[in-house]
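The values are calculated or read from the model by the stated rules, or taken from the named source; none is laboratory data. Keep in mind that this is a model prediction, so the values were computed, not measured. Positions of Cβ are generated from backbone atoms using ideal geometry, with glycine treated the same way; all protein chains shown enter the neighbour counts.
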Amino acid sequence: MKRIPVFMALAILLAACGASDSDDDTPRPPRLPMPVEVAFDDDGRPLPEVLAEEQVLYRGNGEEPQTLDPHLSEGVPTANILRDLFEGLTTTAPDGRIVPGAAIHWDISRDGLTYTFYLDPDGRWSNGEPVTAHDFVWSWQRVVDPETGAAYGRMLAPVVNAEAIFSGELPPEELGVTALSDTTFQVRLDDPTSYFLGLLTHPTTYPVFRPALEEHGSLHMRPGNLVSNGAFHLTDWQVRSRVVLEKNEYFREADNVIIERVVFYPFEDENTEFNRFRAGDLHWTYQVPSAQFSWLKNNMDEALKISPWFGTYFFSFNLTREPFEDNLALRQALNLAIDRQIITERVTRFGEMPTFNLVPPGLPNYQPYKPEHAEWSQEEREEEARRLYRQAGYSESQPLTVELRYNTSENHRKISVAIAAMWKQVLGVRTRLVNEEFRVFLQNRAQRRVTQAFRAGWIGDYMDAFTFLELYHSGHGRNDAGYNNPRYDRLLERIASERIPARRRNLMVDAERMLLEDQVVLPVFYYMTRRLIDPRLKGWEENIMDYHLTRYMYLVRERSQDEAVEEKASEETE
Amino acid sequence: MLRYSLRRLASAIPTLFLLITVAFFLIRIAPGGPFDSERALPPEIEANLAAKYHLDEPLVFQYARYLWQIARLDLGPSFHYLDWTVNDLILQGAPISFTLGILALVIALVLGVAIGAWAALRQNRPADYTVMSFAMIGISIPNFVMAPLLILLFAITLGWLPAGGWEYSPSRMALPVVTLALPMIAYIARITRGSMIEVLHSSYIRTVRAKGMPEKEVILRHALKPALLPVISYLGPAAAAILTGSVVVERIFTIPGIGTYFVQGALNRDYTLVMGVVILYGIIIILFNFLVDLLYAWLDPRIRYDDGEAEA
């Protein structure tokens, strides 16, 4: 008797699973809505008849934003919302190119130290007030004011006096920015910072509306209080439920913005988000479940977007402690023993690119240095690894015992297990895997008292190799390897002050070569972004910085039954 | 009765105080702080943030400051959700968790008791075995399995209900409430069945039956009430747990309740948020245990709290 309910429960289970599995072989109408063919008018705008009636974009957006104050914010999900809400002096095109934003054009002095921005006289805040140079002056002073506690205040470090203001030696008013007129904003820099225009797309450099801050204090980012200068303004925010933005009618390019409303949903779980997409609740997911690659490829290929991202997944060594202190040969041996191809093809599986470099490709002004061993076959690398391992004083009878530390996550665990297995197989290294909760991990890494080898990773903050190279300056707060090389520090300082692009580029290549030759890091692969995008959402383009502004996007109509039939008929006649 | 209630409520204050003290120091032992992140902050800014939130003071001072703050019913600013205070977060999330919890509780109580009593009256017959096997399955299928199965079936395959998200609407609440209620129905049914069987075998039931009372009245008037006692003692902590929200259900259905705040708050080192949830949880537990004791007295005439002397 007791068997029956168990059997029934199994039947329900099977029915539920079967419903999705059976789709693979039985033809069914496509689960994804099919869009109509897009047609454009003479100005390159989509024709009204192809547009969906309701221009509301539903977007999954990772974690709940910590704050919508652009100066205090950090993290990708928050930046996604802020890029729709606000606009910096420059902004990005759909393909990621830097284009004029709040400033329609600018002059750069011959020495590269003075930037003069001419603001769009039509620039308006979401309450209709003009956006002025004074807004930028006040906002930037707020960013560098140590009282503000801006998480990314360092973005403005190239500006004259910024460093002294951070450390409290000078008042914020001394920052090297001036409003020459209501629409002319001038910035003076300490060094010619070739990537400066790129920094201006970062939320930390966005203007905030001073009267709203002064009136509402810490409540200035609540719906109804928040005044912004971007294509959208905030109309609703329910914590951990949704953030709703609506089109800002005062935006200088409002005529070209088609989406009327954007709803950002936070998700704590990638499977939940995936289910919501499958149920048709979302146009755009923040990520996809990593275990579902084959299913997605087979069933949702036209929605699956995998694109290169400006980030590198790597491991690093604590250079201040045994066994890696002063032991270059050992570090090199561990680096060469890893078969990156296996990790990207068998473990991560989303088309990640294996690498021996720290700086990702795709930068317009940088050709990464390629280490010699990148060209070798894996057998050659392993051969060399064994030689170096012996040279470092280890052997089969006297194997290295090492701790490999990572923060708790399924993916990190799998990759670490694979690396430990490769070290074991090629060299006979005994690896103890240690996983730690994120904040414990960060603290241990920074203190360098217990760490040996550890996981790391970095997503560039701005489009320049320097965002990776500066990490290993002896004084950098995230130099968890404890790399302390005066030659490297000097090289970084020369890069910062170098005015001629070609020479600066060569210096950066030298710096990366130095880092890799000293084997400070053990690069594994370049990150990819992976997400699902409804085929009806148009205007989305992949770009390496992964900036996607809603103002360039629009939703097209679903193809009607007749149109689908027609298309099929025309396909058949062809 | 009134004096007893007042005394119970007064004794809640030292309990809460102890809870707050232990929780306050425990969370501070965890390594790392609320402002640590992959991007290292410049030391000056870190110092400023610490000063702004008084994290640079000795822990005992912070503790005194915190006690003074909660005495004024202010749970302080959240260290992670910078635009909100802990009061804001709890006031937004608690009604949602309460709504789901109460609905699940009511459903579970009605169905659980009915099924349990029904099975008890058919003890060791096929109907009893069938129902109780289902109950066993209900208890042993964890909600992180049940919830995705329900979504797969009702939201994705059949398309009858939304896959998640929150609104005060029956369709949005249906799946989370069912997920929460199912294991409780099963528990309550098993408890009711067990105690009902015990009561039905007791001598006073034999007496009323011997006196010729109709079976329906025997069950409803004399057997059911005492059979509910174990259910009530189960309900105290269970109700407190369900009202403060379920991490799993909130994650899977993306419900902005308060269940996730405890774990998320601890991971983010959001000290004030964790404390706020601990205090809320403490209050609810104390309150429900108190209610359970009152219900006991009402259900079982042998229990009286006269002048504070409880005789069982």
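Within segment B:87-98, the residues that satisfy the criterion of being within 10 Å of chain A (Cβ to nearest Cβ) and either closer than 22 Å to residue B:32 by Cβ or not small (Gly, Ala, Ser) (or both) are B:88, B:89, B:92, B:96. Of A:139, A:126, all but one fail to be buried (at least 19 other Cβ atoms within 10 Å of the Cβ) and outside any loop (DSSP other than H, G, I, E, B); the exception is A:139.
Across segment A:83-92, the qualifying residues are those that are crowded, with 24+ Cβ neighbours inside 10 Å and outside any loop (DSSP other than H, G, I, E, B), and the one among them that is nearest to the other protein chains (Cβ to nearest Cβ) is A:85. When residue B:84 is tested against (1) within 12 Å of another protein chain (Cβ to nearest Cβ); (2) buried (at least 18 other Cβ atoms within 10 Å of the Cβ); (3) in contact (Cβ under 8 Å) with a residue 12 or more places away in the chain, just one condition goes unmet, and that condition is (3). Checked across segment A:129-143, the condition of being within 17 Å of residue A:199 (Cβ to Cβ) and within 14 Å of chain B (Cβ to nearest Cβ) holds for at least one residue.
Taking helices (runs of 4 or more DSSP H) that do not extend beyond segment B:197-249, which have at least 2 residues that are β-branched (Val, Ile, Thr)? Outline the logic, then answer.
Numbers: elements: B:203-210, B:224-227, B:229-243.
Here the list reads B:203-210, B:229-243.
Residue count for segment B:111-124 satisfying the condition of being touching a helix residue (DSSP H, G or I) at 6+ places or on another chain (Cβ under 9 Å) and free of Cβ contacts under 8 Å to residues at least 60 places away in the same chain: 3. Taking the listed residues A:546, A:480, A:510, the one that is part of a loop (DSSP other than H, G, I, E, B), assigned by TED's automatic domain parsing to the domain that holds residue A:355 and either at pLDDT 90 or above or of a type in the set (S, T, N, Q) (or both) is A:480, with no other qualifying. Among the residues of segment B:151-166, are any closer than 16 Å to residue B:188 by Cα and out of contact with any strand residue (DSSP E or B) (no Cβ under 7 Å at 6 or more places or on another chain)? Scanning segment B:151-166 turns up no residue that is closer than 16 Å to residue B:188 by Cα and out of contact with any strand residue (DSSP E or B) (no Cβ under 7 Å at 6 or more places or on another chain).
For segment A:45-80, how many residues are more than 29 Å from residue A:462 (Cβ to Cβ), not in a helix (DSSP H, G or I) and not hydroxyl-bearing (Ser, Thr, Tyr)? Residues flagged as more than 29 Å from residue A:462 (Cβ to Cβ), not in a helix (DSSP H, G or I) and not hydroxyl-bearing (Ser, Thr, Tyr) within segment A:45-80 amount to 9. Yes or no: segment A:403-422 includes at least one residue that is more than 14 Å from every other protein chain (Cβ to nearest Cβ) and polar (S, T, N, Q). Yes, that holds for at least one residue. Here segment B:166-183 is the region considered, the condition is being more than 7 Å from every other protein chain (Cβ to nearest Cβ) and under 20 Å from residue A:60 (Cβ atoms), and the residue that is nearest to the chain's Cα centre (by Cα) is B:176.
Residues in segment A:500-526 that are surrounded by 18 or more Cβ atoms within 10 Å (Cβ to Cβ) and basic (Lys, Arg): A:504, A:505.
Considering only segment A:156-185, how many residues are within 19 Å of residue A:117 (Cβ to Cβ) and small (Gly, Ala, Ser)?
Within segment A:156-185, the subset within 19 Å of residue A:117 (Cβ to Cβ) is A:156-162, A:175-185.
Still in the running and small (Gly, Ala, Ser): A:157, A:162, A:176, A:179, A:181.
Summing the residues that are within 19 Å of residue A:117 (Cβ to Cβ) and small (Gly, Ala, Ser) in segment A:156-185 gives 5.
Among what's in segment A:192-247 and is assigned to a loop (DSSP other than H, G, I, E, B) and of a type in the set (D, E, K, R), pick the residue that is farthest from the other protein chains (Cβ to nearest Cβ). Give the steps one after another, and end with the answer.
In the first step, residues of segment A:192-247 are kept if they are assigned to a loop (DSSP other than H, G, I, E, B); the result is A:192-195, A:200-202, A:206-209, A:220-231, A:239-241.
Then keep just the ones that are of a type in the set (D, E, K, R); that gives A:222, A:240.
On the way: A:222: 7, A:240: 4 Å.
The extreme case among them is A:222.
Please find, within segment B:142-165, the residue that is surrounded by the most Cβ atoms within 10 Å (Cβ to Cβ) out of those that are assigned to a helix (DSSP H, G or I) and within 8 Å of chain A (Cβ to nearest Cβ).
This residue is B:151.
A residue that is touching a Pro at 6+ places or on another chain (Cβ under 6 Å), closer than 16 Å to residue A:210 by Cα and not hydroxyl-bearing (Ser, Thr, Tyr) occurs nowhere in segment A:151-167. Across segment B:128-141, the number of residues qualifying as free of Cβ contacts under 8 Å to residues at least 24 places away in the same chain and not in a helix (DSSP H, G or I) comes to 0.
Count of segment B:36-68 residues, restricted to those that are assigned to a loop (DSSP other than H, G, I, E, B), more than 8 Å from chain A (Cβ to nearest Cβ) and surrounded by 17 or more Cβ atoms within 10 Å (Cβ to Cβ), is 2.
Among the residues of segment A:144-160, the ones that are within 14 Å of chain B (Cβ to nearest Cβ), outside any helix (DSSP H, G or I) and either in contact with a Leu (Cβ under 8 Å, 6 or more places away or on another chain) or among the charged types (D, E, K, R) (or both) come to 6 in all. The number of residues in segment A:41-80 that are among the acidic types (Asp, Glu) and either buried (at least 19 other Cβ atoms within 10 Å of the Cβ) or under 24 Å from residue A:212 (Cβ atoms) (or both) comes to 3.
May I ask you to say which residue of A:495, A:533 is on the phi < 0 side of the Ramachandran plot, outside the structural domain of residue A:320 (by TED's automatic domain parsing), in contact (Cβ under 8 Å) with a residue 24 or more places away in the chain and among the hydrophobic types (A, V, I, L, M, F, W, C)?
Values: A:495 fails: outside the structural domain of residue A:320 (by TED's automatic domain parsing).
Residue meeting the stated conditions: A:533.
With the structure loaded, tell me whether residue A:276 is more than 21 Å from residue A:94 (Cβ to Cβ), within 14 Å of chain B (Cβ to nearest Cβ) and surrounded by 18 or more Cβ atoms within 10 Å (Cβ to Cβ) or whether it fails that test. It is true that residue A:276 is more than 21 Å from residue A:94 (Cβ to Cβ), within 14 Å of chain B (Cβ to nearest Cβ) and surrounded by 18 or more Cβ atoms within 10 Å (Cβ to Cβ).
Counting just the residues of segment A:109-119 that are modelled with pLDDT of 95 or more and of a type outside the set (Ser, Thr, Tyr), which one comes out farthest from residue A:200 (Cα to Cα)? Out of the qualifying residues, it is A:119.
For segment B:256-266, residues that are outside any helix (DSSP H, G or I) and facing another protein chain (nearest Cβ under 8 Å) total 1. Looking only at residues that are of a type in the set (Gly, Ala, Ser) and in contact with a Ser or Thr (Cβ under 7 Å, 6 or more places away or on another chain) in segment B:71-81, which one is farthest from the other protein chains (Cβ to nearest Cβ)? Out of the qualifying residues, it is B:76. On inspection, residue B:26 does not qualify as hydrophobic (A, V, I, L, M, F, W, C) and either surrounded by 15 or more Cβ atoms within 10 Å (Cβ to Cβ) or not in a helix (DSSP H, G or I) (or both).
For residue A:441, the conditions (1) within 14 Å of chain B (Cβ to nearest Cβ); (2) buried (at least 20 other Cβ atoms within 10 Å of the Cβ); (3) over 25 Å from residue A:291 (Cβ atoms) are fulfilled apart from (3).
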